[in-house]
Each structure stands twice: as structure tokens, then as C-alpha cells.
Amino acid sequence: MFSTRFNFKWLLSTVAALASFAWLLFFSFKATPYQNELWWKFALDDQAPRGLRTAFVAASTFLIFYVLNVLRPPRQPVEVLDQETLEVAEDIIQQQDNADGNFALTGDKSLLFSESRKSFIMFAVHNRSWVSLGDPIGSSDAELIDLIWEFKSMAAREQGHAVFYQIGREHIDWYIDAGFHLFKLGEEARINLQQFSLQETTSKRRKKLRNTQSRAARDGLSFRIVHPPHSDELLEELSHISTQWLSLKNVREKSFSLGRFGADYINRFPLALIYDNGRISAFANILTTRTKAEATIDLMRHLPDANKTTMDFLFIELMLALRAENYSEFNLGMAPMSGLVEHRNARLWDRFGLLIYKKGSHFYNFAGLRNFKNKFDPEWVPRYLATTKTGVSPFLTLVDIAALTSGGVKGVFRKT
């Protein structure tokens, strides 16, 4: 009600509704002559005075809402990122440990740089929610803390509220000190690559992974990593796979917290390719930084007729390859709504989240996603939502975030 700008169509519709109400009022009581005393006459069976007062309240409410809306300061336009800005961001990303910083390169988010331009926050705006994807990106703690405060102030100046989505546990004190409230979103699966091995002497729990690797090899699957720049022929072939995958899943491209398939975006990253008897059947783009502290993937797509072991095989071979290149950790991504507090005195947020996790399989297989990632024996670490609002507002904020990811509120409910 308070976050939407009132456009001409809204104004015209509201004035028409008020005019229709006024006409109906005077038509209904045309036999009652107007007198000033009607405003102050109160009785159970006198409808005309009550109608006049109702019309006055309706018109006054409209005027109050209209005046409050037009007096709001104009929202800052979202800056379109140029190539030079993306190059600056990429240089910052490569000098720190957080591989998720590469999501800034999708080009669908705005960037708030520190004064030195050595740190930044990537964010997008929906309604009154100014949503930062993850923690600030940079290597100076002092600059990152300043960016949190600056982002909060900037959102407040625009009559909005600051939100940090999917932040880690390492620096939650920064957000608490800045007046944010924390809500657990789920848990993220992390693999210690230097301890990841499929040798029989390492772990009996990885026997299934060894069997998967052997079966995939027998079925003719092979793995390869290719580095940019990628040829036009390869990008065209991957685009064909991506289109078929979207059709198979009956979904459309996402944004904000996920990448979209595009030649410029894909051409920035190494690619993990799965060949099925010489034909590419699956791919994933690999997000890394020069520090080699962490690696992860974004897009992960395959042909409709891909071998059943394809995606497991991709993860296994990718982690082994990254281990050989001395990367420290592999981030398998989040299992939403998992790991929430299950207690009768838990917050409404946790109780509602657990209900979705257990009963929401019709819309999203939360438990199945966690079980898939558990195959790789990860360490589960929490991820949080930090917001300046409490009560029902965090739930409404998630609606805004879902709209950013799906390209609008309609996209949340409509797959294609």
C-alpha cells in the first residue's frame, strides 16, 4: 500500500470509483433535501447522514494517501552497469576469498562501491526492499563495515529498508552492531577439498561415489574443464543444451541470486563439461577467485536424455580437479529452510520455515535437495537473512526477494 508509486491509471480509477460512489449516494437519497444538520444527525434508521460522513471519510483517505505519495522523494534510478564498472568489480572479486562475489558480473544488480573502490555491495530493489546479495565483497574489514552502514543509510533515504540475503556466520556481529535482525534461511554445504578423496582407504561413506564414478566411466562419460575465451561453436552448443533444460524443467531464466545463460556471462568463467560418448550432455560454469580459497558453480544444465549419473559424476570429477589445483573448499550451495530450530518456543520464523521444509514438497523438494548434497559428506554451515524489520516484514521481504529472482511477483507463481 505504501511502497507502490501511484500512476495516472491508479489516479483515474480511484477518482472514477469515488465519483461513482458519490453519484450512487445522491441517487439513493435524492428524496432527502440537503441540510447542514445532516452531518451531525446520528440515528439507527437515518442512512443519509451516515452516507454523507462515509463519503467524506473516503475522499479524505484518498487525499491523504495521494499527498503522502507525491511528497515522497523520488527513487534513485537503478544504474546500468557498463563494461568498465564490471571490470573494476571483477578485479575486486579476484583478490578476495568469496567465490559468490562473481554473481555481481551477471549485470542485473547495482553496485555500491566504497570510497576507495576496493570493496562493493551488489544489490537490487523491489518495492521498499533494498536487497544485498550476500556479504559485502572486499578484503578490508573496515571498508566492509562502512559499506553495511552506508547501504542501510542509502535505503533509508529512499524510504526503503536494507536487507542482506544469504550472509555467512563469520561476520554476523557486524550486522547486529548496525541494528539488523537475523533470521536463518537454511544451511550451506561445504566440502573441504583437501580432505576429499575417493580412495578406498579414506572413507567407507564415499563408496557410493566411487561406484557412481566407475559406472559413469563404463557408460562412456568423461569430464573436461575448458577455460575462456570459449569458441562461438561451443557457446552455441551450450545454448542449445540450456534451452532444452529450461523446457524440460518447465521454467524460465532466473536472475539476482542465479545467473542467466548469456554468451558474455558464460565467457567469463571456466566450464565443466560432461561428454557422453563424445557428445556434450551437461555443463556448469565454475566460479572461482585467484586466492583459491573457494570454488562453486552457478548454472548447471544437461540434456533431457542425459545419463542418470551425469550430475553426480560432474560434481565428483569437478571436486577432484579443483583439489588437484589446490583449491581449499567447494561450495555446493544452500539447502533452504533446513537446520531451523525445532522447539515449541521457537520464533514464528523457524516454525513456519520448518512447516514449509516438511510439507512444501509439492512446490519444492527441500529435503531431496539436502539429501542429494549429503552424498558428498559436506559440512553444513548456516546462512542468514539480515533485515532492519521484525514481525511480519521478514516474510514480506522474502516475497520481494523471490520477485527479484523470478523477474517479478508474477514470475514467482508462473514458471514460463
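Of these, L248, L209, L198, which one is part of a loop (DSSP other than H, G, I, E, B), hydrophobic (A, V, I, L, M, F, W, C) and out of contact with any strand residue (DSSP E or B) (no Cβ under 7 Å at 6 or more places or on another chain)?
L198
Name the residue that is farthest from S281 (Cα to Cα), counting only residues in region 222-245 that are assigned to a loop (DSSP other than H, G, I, E, B) and out of contact with any Phe, Trp or Tyr (no Cβ under 8 Å at 6 or more places or on another chain).
Within region 222-245, the match that is farthest from S281 (Cα to Cα) is P229.
What do you reckon, is S153 under 25 Å from R190 (Cα atoms), of a type in the set (S, T, N, Q) and either assigned to a loop (DSSP other than H, G, I, E, B) or not assigned by TED's automatic domain parsing to the domain that holds I297 (or both)?
Against the criterion (under 25 Å from R190 (Cα atoms), of a type in the set (S, T, N, Q) and either assigned to a loop (DSSP other than H, G, I, E, B) or not assigned by TED's automatic domain parsing to the domain that holds I297 (or both)), S153 does not qualify.
Only residues that are part of a loop (DSSP other than H, G, I, E, B), modelled with pLDDT of 75 or more and of a type outside the set (A, V, I, L, M): list them for region 65-88, please. Walk me through it before giving the result.
Of region 65-88, the ones part of a loop (DSSP other than H, G, I, E, B) are 72-82.
Filter once more, keeping what is modelled with pLDDT of 75 or more: 81-82.
Answer for region 65-88, where residues must be part of a loop (DSSP other than H, G, I, E, B), modelled with pLDDT of 75 or more and of a type outside the set (A, V, I, L, M): just D82.
Let me confirm something: among V163, V226, which residue is buried (at least 16 other Cβ atoms within 10 Å of the Cβ), among the aliphatic types (A, V, I, L, M) and at negative phi?
V163
Select, from R347, R370, the only residue that is closer than 18 Å to L182 by Cβ and modelled with pLDDT of 75 or more.
R347
Filter region 115-164 for residues that are of a type in the set (S, T, Y), closer than 22 Å to L398 by Cα and at pLDDT below 95 and give the result. Reasoning before the result, please.
If we filter region 115-164 for residues that are of a type in the set (S, T, Y), which is where we start, we get 116, 119, 129, 132, 139-140, 153.
From the residues that got through so far, the ones that are closer than 22 Å to L398 by Cα too are 129, 132, 153.
Across region 115-164, the qualifying residues are S129, S153.
Filter region 378-405 for residues that are of a type in the set (D, E, K, R), modelled with pLDDT of 90 or more and not in a helix (DSSP H, G or I) and give the result.
Answer for region 378-405, where residues must be of a type in the set (D, E, K, R), modelled with pLDDT of 90 or more and not in a helix (DSSP H, G or I): E379, R383.
With the requirement that a residue be surrounded by fewer than 20 Cβ atoms within 10 Å (Cβ to Cβ) and in contact (Cβ under 8 Å) with a residue 40 or more places away in the chain, what does region 126-144 give you?
N127, S139
So which residues in region 279-292 are more than 15 Å from W245 (Cα to Cα) and touching a residue at least 40 places away in the same chain (Cβ under 8 Å), if there are any at all?
I286, L287, T288, T289, R290, T291
Tell me the residue from L147, L185 that is more than 19 Å from the chain's Cα centre (by Cα) and buried (at least 18 other Cβ atoms within 10 Å of the Cβ), please.
L147
Could you figure out which of (1) of a type outside the set (A, V, I, L, M); (2) on the phi > 0 side of the Ramachandran plot; (3) in a strand (DSSP E or B) isn't true of N326?
(3)
Examine region 278-291 for a residue that is in a helix (DSSP H, G or I), crowded, with 20+ Cβ neighbours inside 10 Å and aromatic (F, W, Y), and state whether such a residue exists.
no
Filter region 102-116 for residues that are part of a loop (DSSP other than H, G, I, E, B) and either within 15 Å of E143 (Cα to Cα) or over 13 Å from the mean Cα position of the chain (by Cα) (or both) and give the result.
G107, S114, E115, S116
Being among the small types (G, A, S) and part of a loop (DSSP other than H, G, I, E, B) is the filter here, so list the residues in region 172-191 that pass it. Before you say what the answer is, go through the steps one by one.
Residues of region 172-191 that are among the small types (G, A, S), as a first pass: 178-179, 186, 189.
The answer is A178, G179.
The values are calculated or read from the model by the stated rules, or taken from the named source; none is laboratory data. Just so you know, these numbers come straight off a predicted model, no measurement behind them. For neighbour counting, all protein chains shown are included, and Cβ atoms are generated from backbone atoms with ideal geometry for every residue, glycine included.
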